[in-house]
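Read through the structure below, which is laid out as structure tokens, and then see the notes.
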Protein chains: 4
Amino acid sequence: MHEELKKAVCDANIELQRKKLVIYSWGNVSGIDRSAGIVAIKPSGVSYDDLTADKIVLLDLAGKIVEGQLRPSSDTPTHFELYRNFDSIAGICHTHSVNATAWAQACREIPCLGTTHADNFYGPIPVTEPIAPDEIKNDYELNTGKAIIKRFVDINPAQMPAVLVANHGPFTWGNSAGEAVETMVILEEIAGLALKTLVINPKQKQISKALLDKHYLRKHGESAYYGQGPEE
Amino acid sequence: MHEELKKAVCDANIELQRKKLVIYSWGNVSGIDRSAGIVAIKPSGVSYDDLTADKIVLLDLAGKIVEGQLRPSSDTPTHFELYRNFDSIAGICHTHSVNATAWAQACREIPCLGTTHADNFYGPIPVTEPIAPDEIKNDYELNTGKAIIKRFVDINPAQMPAVLVANHGPFTWGNSAGEAVETMVILEEIAGLALKTLVINPKQKQISKALLDKHYLRKHGESAYYGQGPEE
Amino acid sequence: MHEELKKAVCDANIELQRKKLVIYSWGNVSGIDRSAGIVAIKPSGVSYDDLTADKIVLLDLAGKIVEGQLRPSSDTPTHFELYRNFDSIAGICHTHSVNATAWAQACREIPCLGTTHADNFYGPIPVTEPIAPDEIKNDYELNTGKAIIKRFVDINPAQMPAVLVANHGPFTWGNSAGEAVETMVILEEIAGLALKTLVINPKQKQISKALLDKHYLRKHGESAYYGQGPEE
Amino acid sequence: MHEELKKAVCDANIELQRKKLVIYSWGNVSGIDRSAGIVAIKPSGVSYDDLTADKIVLLDLAGKIVEGQLRPSSDTPTHFELYRNFDSIAGICHTHSVNATAWAQACREIPCLGTTHADNFYGPIPVTEPIAPDEIKNDYELNTGKAIIKRFVDINPAQMPAVLVANHGPFTWGNSAGEAVETMVILEEIAGLALKTLVINPKQKQISKALLDKHYLRKHGESAYYGQGPEE
């Protein structure tokens, strides 16, 4: 059942290792089939070398396992909280990739310092508030999701497909598991660019609203003219 | 038609990925056949994995597509502005490679801090002025080219085959598409060298005019004695 | 004799090179069979390209060579001091990997700045006191081990499987030679993360005790729920 | 003639590319057969991809080409000055590898910050004085060699097989072309270690004389006990 979804989620997970965003069993990717009400996610603690589509765990929207012999990722409740609140997304990715994680550990949003960033994210990459001790003790992974949702109260997740969880690391999302991984690759790239930019010029400001709009909107939205058109 | 030019431009684009200067569909390379009045350029938003010579777009000097099923790179008007103003060049390259882009995002020229730089560029790598909001809204890519031309009013593009577009990234050029890519590889290397040099010694000054002249001119110009002579 | 131990120790040594933690003959891994009273260790100054299981040196607990044509690693007395004092460990690894060694050379413990660190180490990575000149002149390698033991007087080596020897580099350990190497890979990763975190935000503090406990204990100890359970 | 020397020098040059210390035609390695009075060196401006043993240039001690169709490296007079003054060496290597070159461009000696450094170099890596304008204009490459010799008036080149030429980059040497390259690989590693160490702790001092002596002398000299003995 849901072979296509399981394969897509498995491939997206393995792509994390190919892009050098993870080591050992770190990180996880999920995908959702909203019409079927099924979420597919990486099993917990399994190395990417050993991952195959039949090991992907399927859960219903209540969080009950409907297929799979293995425990799902311990971050599953975070994924579910995002799927419940961000209607437009169908894939989620989490890693500890070095540049994005360094910004998350520094509890600093990534300022929009150039057009590479603006091509992909419509503003600075937000960072969550730290999670309170009692929210850590109980339902920690669910509360991680809630901290993300709280941070996005005024942000459109379709225009900002990434977040830094303070003291922890990045989550990205998109229209599919594969797209979430592609966004993670790009986030890692712009996180590294921003770090080096501020080493060269610690006082560098963010780019203008005009330049942000031009670059984001020439690739996204109704008037986009980058690429080969809407069928892409 | 123009199979040789298309193949050279396709190969130069693919070389960007091989040298790890680009990810996904980022960056673009073009070449010009001045006698035929034809520019060949990468199609917009196409991944390097999928790029073949028959996908390269051909345009005449008025900017009209004369061959190709795909839209040309969105940066095409920038390339055209450079070809119109820099008579000596026949290939152009644009990337978001990390070290050079960090300097561009920092809006800082790359000072000439050593002989590696002087072997290849006759002075600091210039950075453009930021582009004004109204120049961003309309004809943005053309105005990017104009900002480069304005910055080069007193600079010889044959001796300085690179520029940093402020808040954006590097462009390089040369006698062919392939040479433009080789210069981008070297720019990325010296951008990384300069960053690390200033981390070690933030007060380091540029090298002397005597050392710059010696290294640049032993490889370039009439008295060059590096390499195997003019037939190279 | 002890073919399995020799092979495991040989494989673990070669893994160091595969993970790019060592060059040439740098670094060493050992393993112990406590029931047999035998330690297996890399021979001194042998390149990883030339290493085979039959070159692994076997010693008894008195430090006498019981098998092998080559001299054991010059760091052997350090390994022995750790095996004598840390009952729970069965493998030790030493490298000069760049990020962990930079922290060791800086004589700074690695603060626990994020959940990646907390997933694997229960607190900051300790650094030893410098070794006194007379302890350097005689029995230097033994005294290196003693400096580690002294630093761990109040630390449980099962919860903190790594140390930075001041001015020198890291040692890691675990339930096997292979596990010691895996911990070294992770130490190198979190050392790089910590360095970049402090470049972005030099004033960043360590994570809370609540977050450290949550992450360390969800992977380790009785209530662990990360991974596929205790049989892993 | 001298096929063995040409092959050794060719292999050592190609090793530079394999170790990622050079791009394109950058860098050069030479070797000397002192009994025959012959120096073998890389031809100028030839890419490592195209290098074969029959392209290696042979010169006599007066600097006259005795075999080879190509011009020798433009740095040949620097190599000759070193061979004339350092009796104990038989191979020389020059690169623009990023970490060592950054220190050279910063005009800073590399302090001895750890045992990795002390295992290989008996003190800080020296940097030359800048070369005066009139020494740049005429016989520049010879004067580069003289600046190195001047810096080594009180340093034993057998115990310090590396130098940083100010504003330029590193030279290393050894008992053969291959050993000079191995020392360059190690210099690049310790240059990167030193840079990161000072980012973590800008006030870190050099290691003690006792620790330097212990590590250098346990690998080098009469009482060495690292490795498999003098036959190595």
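The values are calculated or read from the model by the stated rules, or taken from the named source; none is laboratory data. Owing to the predicted nature of the structure, the values given are computational and were not obtained by experimental measurement. Every residue, glycine among them, receives a Cβ derived from its backbone with ideal geometry; neighbour counts consider all protein chains shown. Each accessible area value is taken on the protein alone, full model and side chains, heavy atoms only, with ligands, DNA and RNA left out. Shrake-Rupley method; radii C 1.70, N 1.55, O 1.52, S 1.80 Å.
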Among the residues listed as D:Gly68, D:Gly27, D:Gly37, the single one being in contact with a Cys (Cβ under 9 Å, 6 or more places away or on another chain) and on the phi > 0 side of the Ramachandran plot: D:Gly27
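Test C:Ala90 against the stated conditions and say whether it is under 30 Å from A:Asn99 (Cα atoms) and of a type outside the set (S, T, N, Q).
Judged against the criteria, C:Ala90 is not a match.
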Positions within the range C:196-212 being in a helix (DSSP H, G or I) and either within 14 Å of C:Pro124 (Cβ to Cβ) or more than 24 Å from the chain's Cα centre (by Cα) (or both), in sequence order: C:Thr197, C:Leu198, C:Val199, C:Ile200, C:Lys209, C:Ala210, C:Leu211, C:Leu212
Residues being in a loop (DSSP other than H, G, I, E, B) and hydrophobic (A, V, I, L, M, F, W, C) - total across the range B:166-177: 1
Per-region count, the range C:55-70, residues surrounded by fewer than 22 Cβ atoms within 10 Å (Cβ to Cβ) and in a strand (DSSP E or B): 5
Neighbours by Cβ (under 8 Å, 6+ apart or cross-chain): first from the range C:1-19, under 13 Å from C:Ile41 (Cα atoms); second open to solvent by 70 Å² or more (accessible area, probe 1.4 Å): C:Lys6/C:Asp54
Condition met for B:Ser73 (crowded, with 23+ Cβ neighbours inside 10 Å and of a type in the set (S, T, N, Q)): yes
Criterion violated by B:Val153 - all others in (1) within 13 Å of chain A (Cβ to nearest Cβ); (2) over 13 Å from the mean Cα position of the chain (by Cα) satisfied: (1)
Hey, A:Lys203 modelled with pLDDT of 95 or more and more than 16 Å from A:Ala118 (Cα to Cα) or not: yes
The range C:1-54, residues that are away from chain D (no Cβ under 14 Å), of a type in the set (Gly, Ala, Ser) and not in a helix (DSSP H, G or I): C:Ser30, C:Gly31, C:Ser35, C:Ala36, C:Gly37, C:Ala40
Residue check for D:Val163: assigned to a helix (DSSP H, G or I), within 22 Å of the chain's Cα centre (by Cα) and buried (at least 19 other Cβ atoms within 10 Å of the Cβ): no
Checking D:His215 against (1) closer than 23 Å to C:Ile131 by Cβ; (2) assigned to a strand (DSSP E or B), the condition it does not meet: (2)
Residue among D:Ser44, D:Ser30 that is hydroxyl-bearing (Ser, Thr, Tyr), open to solvent by less than 50 Å² (accessible area, probe 1.4 Å) and either at pLDDT below 95 or over 21 Å from B:Asn120 (Cα atoms) (or both): D:Ser30
Odd one out for B:Glu109, checked against (1) within 9 Å of another protein chain (Cβ to nearest Cβ); (2) farther than 18 Å from A:Ala118 by Cα: (1)
Residues within the range D:206-232 that are surrounded by fewer than 15 Cβ atoms within 10 Å (Cβ to Cβ) and facing chain C (nearest Cβ under 9 Å), tallied: 5
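Do the conditions hold for A:Ile148, that is, is it open to solvent by less than 20 Å² (accessible area, probe 1.4 Å) and either in contact (Cβ under 8 Å) with a residue 40 or more places away in the chain or of a type outside the set (S, T, N, Q) (or both)? Walk me through how you get there before you give the answer.
Values: open to solvent by less than 20 Å² (accessible area, probe 1.4 Å): yes; either in contact (Cβ under 8 Å) with a residue 40 or more places away in the chain or of a type outside the set (S, T, N, Q) (or both): yes.
Judged against the criteria, A:Ile148 is a match.
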Of the criteria (1) surrounded by fewer than 16 Cβ atoms within 10 Å (Cβ to Cβ); (2) in contact (Cβ under 8 Å) with a residue 12 or more places away in the chain; (3) within 18 Å of D:Pro126 (Cα to Cα), which one D:Asn175 fails: (3)
From the options B:Ile190, B:Ile186, residue that is assigned to a helix (DSSP H, G or I), crowded, with 19+ Cβ neighbours inside 10 Å and in contact with a His (Cβ under 6 Å, 6 or more places away or on another chain): B:Ile190
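This table checks each residue for (1) over 18 Å from the mean Cα position of the chain (by Cα); (2) closer than 25 Å to B:Lys205 by Cβ; (3) free of Cβ contacts under 8 Å to residues at least 60 places away in the same chain; (4) more than 14 Å from chain B (Cβ to nearest Cβ).
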{"site": "D:Val57", "(1), (2), (3), (4)": "yes, no, yes, no"}
{"site": "D:Leu61", "(1), (2), (3), (4)": "yes, no, yes, yes"}
{"site": "D:Gly68", "(1), (2), (3), (4)": "yes, no, yes, no"}
{"site": "D:Arg71", "(1), (2), (3), (4)": "yes, no, yes, no"}
{"site": "D:Leu113", "(1), (2), (3), (4)": "yes, no, no, no"}
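One line per residue, one yes/no per condition, for (1) open to solvent by 20 Å² or more (accessible area, probe 1.4 Å); (2) in contact (Cβ under 8 Å) with a residue 40 or more places away in the chain:
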position	(1), (2)
B:Ala106	no, no
B:Ile110	no, yes
B:Thr116	no, yes
B:Asn120	yes, yes
B:Gly123	no, yes
B:Pro126	no, no
B:Pro133	yes, no
B:Asn138	yes, no
